[in-house]
1. Looking at region 146-168, which of the residues that are outside any loop (DSSP other than H, G, I, E, B) and hydroxyl-bearing (S, T, Y) is farthest from D120 (Cα to Cα)?
2. Quick one: what pairs do we get from region 262-275, first residue of a type in the set (F, W, Y), second in a loop (DSSP other than H, G, I, E, B) and loosely packed, with under 15 Cβ neighbours inside 10 Å, C-beta under 6 Å, 6+ apart or different chains?
3. Looking for something in a loop (DSSP other than H, G, I, E, B), within 19 Å of E207 (Cα to Cα), at pLDDT 95 or above and of a type outside the set (S, T, N, Q) - is there at least one such residue anywhere in region 89-105?
4. List every residue pair whose Cβ atoms lie under 8 Å apart, where the two residues are 6 or more positions apart in sequence or sit on different chains, the first residue falls within region 177-204 and is at positive phi, and the second residue, located anywhere, is in a helix (DSSP H, G or I) and open to solvent by 30 Å² or more (accessible area, probe 1.4 Å).
5. Please tell me if S144 is touching an Asp or Glu at 6+ places or on another chain (Cβ under 7 Å) and open to solvent by less than 30 Å² (accessible area, probe 1.4 Å).
6. Are any residues in region 273-302 not aliphatic (A, V, I, L, M) and not in a helix (DSSP H, G or I), and if so, which ones?
7. Specify which of the listed residues (G51, G70) is more than 25 Å from Q227 (Cα to Cα) and modelled with pLDDT of 95 or more.
8. With respect to E270, determine if the residue is in contact with a helix residue (DSSP H, G or I) (Cβ under 9 Å, 6 or more places away or on another chain), buried (at least 17 other Cβ atoms within 10 Å of the Cβ) and assigned to a strand (DSSP E or B).
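The values are calculated or read from the model by the stated rules, or taken from the named source; none is laboratory data. Not measured: the values here are computed from a predicted model. Neighbour counts are summed over all protein chains in view; Cβ atoms, including those assigned to glycine, are modelled from backbone coordinates with ideal geometry. The area values use the complete protein model at the heavy-atom level, side chains included, leaving out ligands, DNA and RNA. Shrake-Rupley method; radii C 1.70, N 1.55, O 1.52, S 1.80 Å.
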Amino acid sequence: MAVKATHPADQRGDPTLTSPSRVGSFEHDGLTFDVRDTGPLDGTVVVLLHGFPQTSTSWAETAALLNERGYRTIAPDQRGYSPRARPRGRFAYRSSRLVADTVALIDTIGTGPVHLAGHDWGANVAWATAARRPDLIRSLTSVSVPHAGAFLRAMLTSDQLVRSYYMALFQIPWLPERAMRSRPRFLDRTLAKTGMTPAQIARVHQEIVLGGALTGGLNWYRAMFLQRPTGLRGRVPVPTTHVWSDGDTALSRRSAELAGEYVDGEYRLEILTGVSHWVPEEAATTLAAIIDRTATAAGELS
């Protein structure tokens, strides 16, 4: 059962607010971000954050199913991915800037607090946003990537460090981009091993490699060591569900098991069997139901 939205004025308690309108883009930090806004305009808002190496299109199937349940879904192409939002240098991709982008999007939507879901790097941003600005978040659904503190602890207590070897390689300037462009078959094989389908791999080439988003996406990794230590300890007070799939080659089960230790609100861990890392596309029906359940439970608690 989907959460039925109230009018934006009801959500904020301000009868002077105007009716909602589509958000095709928003501006922040002198950058312009493209947005996919679908579903009923008066539906409860769910913001969907994508990961690497993908764009908002990775959420298309899950968004359509949420739209059928009455939700309005808003999926931005994030910093480094939107053609008009690709600043140079890793410092522009610090966690604080990524969170600020999400906050700016929520402010642009103008309907008050939203339900937030993120996959891969999008999950990392979603965790940080929920910890730093819980006033803007009604519920959190994180997919694959756990809280940053849980991820670090898993590196020290499981095989997570081995699984994350590629993060060290991505720190090298320019070389990873050049290798991916000059050796497309190697990139294809690497992505296929993670569970990507041929159609998904073709989309990576079109949207990321040929689309000019590769360096911007890699800069998220290059900025990861610029995060303040406080970000590893931030706690999330809103209702939260973390989703982990046992076919994920990048994230360990231990990282998922530790995620709940950073949540003060209602928490649930969902483990999907036989599913790879690419959950929003491979298990869209299940994920849409999980997001719906998390949002519904949050509505009952409020």
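1. First, pick out the residues of region 146-168 that are outside any loop (DSSP other than H, G, I, E, B): 148-157, 160-163, 165-168.
From what's left, hydroxyl-bearing (S, T, Y): 157, 165-166.
Numbers: T157: 21, Y165: 16, Y166: 14 Å.
Taking the candidates together, the pick is T157.
2. That search, which allows pairs on different chains as well, returns Y262/R235.
3. Checked against the condition, which is being in a loop (DSSP other than H, G, I, E, B), within 19 Å of E207 (Cα to Cα), at pLDDT 95 or above and of a type outside the set (S, T, N, Q), region 89-105 yields no hits at all.
4. Final answer for the pair search is G195/E282.
5. It is true that S144 is touching an Asp or Glu at 6+ places or on another chain (Cβ under 7 Å) and open to solvent by less than 30 Å² (accessible area, probe 1.4 Å).
6. The first filter runs over region 273-302 and keeps only residues not aliphatic (A, V, I, L, M), leaving 273-274, 276-278, 280-282, 285-286, 292-294, 296, 299-300, 302.
T273, G274, S276, H277, W278, S302, listed by residue number.
7. One residue alone meets the criteria, G70.
8. Details: in contact with a helix residue (DSSP H, G or I) (Cβ under 9 Å, 6 or more places away or on another chain): yes; buried (at least 17 other Cβ atoms within 10 Å of the Cβ): yes; assigned to a strand (DSSP E or B): yes.
Yes.
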